[in-house]
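The structure under discussion appears below in the form of C-alpha cells.
The values are calculated or read from the model by the stated rules, or taken from the named source; none is laboratory data. Small disclaimer: the values here were computed from a predicted structure and weren't measured. Here the Cβ positions follow ideal geometry from the backbone for every residue, glycine too, while neighbour counts run over all protein chains shown.
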Amino acid sequence: MINRYEDIPKLFKNIDFFLITDKNGYITYYEVINNLGSRIVKNPVGMHILELHQHLTPETSTIMRALKLKEPIINEKQYLNIFKERTVTILATTLPLISGDDVIGTIEIDRYLDEDLAQYEEEDFNNNINQNNYFFTIDDIITNNPTMIEVKNQTLKAAKTSSPVMIYGETGTGKELIAQAIHNHSFRKDNPFIVQNCASIPSSLGESILFGTTKGSFTGAENKAGLFEIANGGTLVLDELNSMDIALQSKLLRVTENGHFRRLGGKNIINVDVRLISTINEDPYLLIESNKIRKDLFYRLGVVLIYLPPLRDRKDDIPLLIDSFINEYNKKMQKKIKGISKEVKELVMDYNWPGNVRELKNFIEGAFNFAEKDIIDRDSIPYHIISIDKNNNSNIDIESKFDLNEALKEQEIKYIKLALEKSKTITDAAKLLKISRQLLKYKLDSYGIETNHN
C-alpha cells in the first residue's frame, strides 16, 4: 500500500523524474531521482507544467493531454529543458488520477532516454555543437598589445548585456575564445553554450537544425528541439555566419527580432531567451556588398562589433604566446622545454603567420615532436619558417611576398589617407572613394587611421 508520494517511485525501475499535478496542471510534487545536472528551477512545486516547460503546449504536453482525455499516455518521447546544461530526452508515462468521474490530477513518471546529442541532427552536423563544461575567460586572452587590451575591455563590457555580438577576424585569430569569454563573464554562464558552424548547415536542413521539427512535418520527422530551444537561457554562437544560406538568413532574422519562432511544420509559437554571438572571417561590409550577408541581419546581429587583429599586426604578443604554449605542451607531453633559441625567435618574429594564433600554436606543438634538447632550435621547426632567413637571399618569404590581403590592406590605407587629404569631411572622402560613409568609418577604426574630419 502506498502511504506517501515518495513511495510511488519504488514501484518502478529506472525512474529519473517523478511529479504529480492537480487537475489544472499545477505541480504539487516534483522529484529528480537521477541528478544529471543543475536544474533550471530548483523547486517547481506550485508552477504550472506549461510554465516550467514553456516550449510545450496543451497539445504536446502529456500531462495536459492526460487531464483532458482521462487516459494514460505510455512511453512518449519528449524533449524537456529540465537542466541548465542541456535539453534532455525523456520517455514520459503519464497516468490520470481519477476520483469517480472526475480527473483530480496526474502522476508522471519520466525515464531519461540516453539519446546522445549526436543523434539530434539528421546527419553528423552535431560535431559543430559545443557544450563543453570548460569555457575560456578573459584571463585566457594573453596579450600586451594595446589593440588586444581594448578587445578585452570590449569583451567584458559586452558580457554585461544581452545585445547580439559579431566578432570579425581572420581564421585562427581566436574568435571562439572571445565568444566563450563573453558567455563565461555573463549572467548566462551556468546555462548552455552552443556553437554551430554555419558552413556545415545544408540549405535543406537549416530550418530544422535551428528551429526543430514537428512530428509529421515531413517523412520521418519527429518532435525535435532545434538549437534555439537547446540554447534557451544561454548563448548560441553562429560560427562563420557568412557561410549560411541567404534564404536561411531571412528566417534567422525573424527570430532575432521578436524572440520567438515555430518549429518546422508546427503551429505553436515558442518563446526563447538566447544571446546570439556570430563570427565572420571577412570584412562585414564587403560581405554585405557581395550579398553573402543580408544587410538587415548584419545590423541586427552586429549591434556590438568586435574586431580581432591578425597576429602579424600584434607581433609583440608572439613571445608571450610562445611561452604560454610551451608551458601547455610541457604538461601534455611531459617534457621540460625551456624556450626557443635566439635564431628561432628572430625567424618567428619575421614570419607573417597567415594562420594567426592557431598556426603559432600548431608550430609549437610540431616543434615539441622533434625537439631533442631543452630549447627549440632551428632543427625542430618546419622549413617554410626557416625559408624567410634574411641572411640568405636565395630564400624567399613566399607567404609575405604573395599575401594579397596584406597588399590590398596597404593600398586601402594609402587611398583612404589620400582621400582624407583632399576632403573636408568623412562624407566627402567616402564619396571620393565611392563607398558609403559607414564603410569608410569602419575602415578608419579597423586600420587605426586618425583624422580630424567629421
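Values for this structure:
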{"item": "Checking residue 168 against (1) at pLDDT 90 or above; (2) assigned to a helix (DSSP H, G or I), the condition it does not meet", "result": "(2)"}
{"item": "Residue check for residue 318: in a helix (DSSP H, G or I), modelled with pLDDT of 90 or more and not charged (D, E, K, R)", "result": "yes"}
{"item": "Of residues in segment 418-454 being of a type in the set (D, E, K, R) and more than 24 Å from residue 168 (Cα to Cα), the one nearest to the chain's Cα centre (by Cα)", "result": "431"}
{"item": "Selection within segment 416-454 - part of a loop (DSSP other than H, G, I, E, B) and either closer than 22 Å to residue 406 by Cα or not basic (Lys, Arg) (or both)", "result": "423, 425, 434, 435, 436, 448, 449, 450, 451, 452, 453, 454"}
{"item": "Of all residues in segment 259-268 being without any contact (Cβ under 8 Å) to a residue 60 or more places away in the chain and not in a strand (DSSP E or B), the one that is surrounded by the most Cβ atoms within 10 Å (Cβ to Cβ)", "result": "263"}
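Quick grid of which residues meet (1) under 30 Å from residue 441 (Cα atoms); (2) assigned by TED's automatic domain parsing to the domain that holds residue 226; (3) part of a helix (DSSP H, G or I):
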residue	(1), (2), (3)
251	yes, yes, yes
257	yes, yes, yes
270	no, yes, no
276	yes, yes, no
291	yes, yes, no
300	yes, yes, yes
